[in-house]
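Read the structure below first, then the notes.
The values are calculated or read from the model by the stated rules, or taken from the named source; none is laboratory data. Quick caveat: nothing in here was measured; it's all calculated off a predicted structure. Because the Cβ atoms are built from the backbone with ideal geometry, glycine has one as well, and the counts that use them run over all protein chains shown.
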Amino acid sequence: MKYRELGSTGLKVSEIGLGCEGMMEENCAMTAKLLNLAEANGVNYFDIYSPNPDLRTAIGEALSKNNLRGKFLLQSHLCSVWKNDEYMRTRNLSEVKSGFDEMLKLLKTDYIDVGMIHYCDALSDWDEILNNKILDYAKELKSQGKIRFIGLSSHNPQVALKAVKSKAIEVLMFSVNPCYDLMPPDEDVEQLWNEENYKENLLNMNPERQELYETCQRESVGITVMKCFGGGDLLDAELSPAGAALTINQCIAYALSRPAVTSIMAGSHSEAEFKACLDYESADESERDYALALASFPKISWKGHCMYCNHCEPCPVRIDIASTTKFLNLAQAQKELPETVREHYKVLEHHAGECVQCGACEKRCPFGVEVRENMKQAVKVFGY
Ligand code: SF4
Ligand code: SF4
């Protein structure tokens, strides 16, 4: 298992994490099975968005029975509560407080690693989080050591960007996959999988989503990924909004190559499903390569846009073209060169200044990226 730094938290997180969607299978017996499998494979991070008391009880028992609490970093959600026997999202502070107390009790723990403010897709909702003092409450929990870091979950890049720029959150849970990345921001999450929106020809990643990923990287806000497979639709040629299927490895590789992304939450419904995601760790580059699959989508074009896919390798002077381009894009989005980006660029083994302009990369790039020009630009921006 590979581990990545979760933004500026200092937490080292497995790049494959576990979602809780399937843990309720078999009357919650699946919870212990999935957690044991996770632990055996070096997965140390999982998300609990559901307030279902049966699920939380099963997780608490599995963690305490097998002495697993210290082996996992928990990302669990504030504002997701259980009321009248069903899930409810609330911005009522007293409900949020009692929901959090119940969460700790059922999970049999006295702290949560990342306290995620749940599901904020509207700018007015972000205002409500501030006005109703929910963010203040999260900060209070942090000062008491009951949560270690504050997060927010969202599907809307405008809201997420506002939260990240406010510097109020340290972790973002966001929906990342190559189809949703084409869609303009919307307060209605259903629009992400509304097939009507994919009927016209689509060109390139939505700039606000791009800006969100780049801002998170610059501000050191780690992203944990939900809906990496679009709820499974992207794996099925009939259901995929792109009109063609991707594989599990391709979806994971795509999400993990976006700037700031740390870990994907695999919402598995069985051990076999989870194992298929864990197999990513031993998959070779050809199995992870999503470039040709994306380039072949019938109605979607990423022309001229670097997808950080590495399909242009090898470079004769061993420049890491995807990373160099990523840092160039991060730098060009700012008036001044951010120090973090300059440092990341500096530690690359080879730099754009070594480019001999052979053009071999451009012949291999399925997206028509002008790599030679990008290398020249990188030299201008970074100086070498
Ligand atoms: S230049 Fe092309 S092939 Fe290389 S990483 Fe970017 S998109 Fe992929
Ligand atoms: S053009 Fe530059 S970056 Fe591309 S393969 Fe040749 S040396 Fe490497």
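Details
Yes/no matrix, rows are residues, columns are (1) touching a strand residue (DSSP E or B) at 6+ places or on another chain (Cβ under 6 Å); (2) crowded, with 20+ Cβ neighbours inside 10 Å; (3) not hydroxyl-bearing (Ser, Thr, Tyr):
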| residue | (1), (2), (3) |
| --- | --- |
| Glu95 | yes, no, yes |
| Asp101 | no, no, yes |
| Gly115 | yes, yes, yes |
| Leu130 | no, no, yes |
| Ala138 | yes, yes, yes |
| Gly145 | no, no, yes |
| Arg148 | yes, no, yes |
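- In summary, Met265 fulfils each of the numbered conditions (1) in a loop (DSSP other than H, G, I, E, B); (2) touching an Asp or Glu at 6+ places or on another chain (Cβ under 9 Å); (3) closer than 27 Å to Gly243 by Cβ with the single exception of condition (1).
- Per this entry, Cys309 is counted among residues that are of a type outside the set (Val, Ile, Thr) and within 14 Å of ligand 1 (Cβ to nearest atom).
- Within the range 202-253, the set of residues being on the phi > 0 side of the Ramachandran plot and over 12 Å from the mean Cα position of the chain (by Cα) comprises Asn204, Ser220, Gly230, Gly231, Gly232, Gly243.
- Criterion: modelled with pLDDT under 95, touching a strand residue (DSSP E or B) at 6+ places or on another chain (Cβ under 8 Å) and either buried (at least 19 other Cβ atoms within 10 Å of the Cβ) or under 16 Å from Leu18 (Cα atoms) (or both) - qualifying residue of Ser268, Ser240: Ser268
- Filter pass, Asp54 being in contact with a strand residue (DSSP E or B) (Cβ under 6 Å, 6 or more places away or on another chain) and among the charged types (D, E, K, R): no
- Residue check, Arg318 more than 12 Å from ligand 1 (Cβ to nearest atom) and touching a His at 6+ places or on another chain (Cβ under 6 Å): yes
- Test: residue in the range 360-369 that is within 27 Å of the chain's Cα centre (by Cα), within 9 Å of ligand 1 (Cβ to nearest atom) and under 25 Å from Cys216 (Cβ atoms): yes
This table checks each residue for (1) buried (at least 19 other Cβ atoms within 10 Å of the Cβ); (2) outside the structural domain of Tyr180 (by TED's automatic domain parsing); (3) away from ligand 2 (no atom under 14 Å from the Cβ); (4) over 19 Å from Val225 (Cβ atoms).
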residue: His311; (1), (2), (3), (4): yes, yes, no, yes
residue: Pro314; (1), (2), (3), (4): no, yes, no, yes
residue: Thr325; (1), (2), (3), (4): yes, yes, no, yes
residue: Pro338; (1), (2), (3), (4): no, yes, yes, yes
residue: Val341; (1), (2), (3), (4): yes, yes, yes, yes
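- The numbered conditions (1) assigned to a loop (DSSP other than H, G, I, E, B); (2) away from ligand 2 (no atom under 13 Å from the Cβ); (3) free of Cβ contacts under 8 Å to residues at least 40 places away in the same chain are all true for Phe367 except (3).
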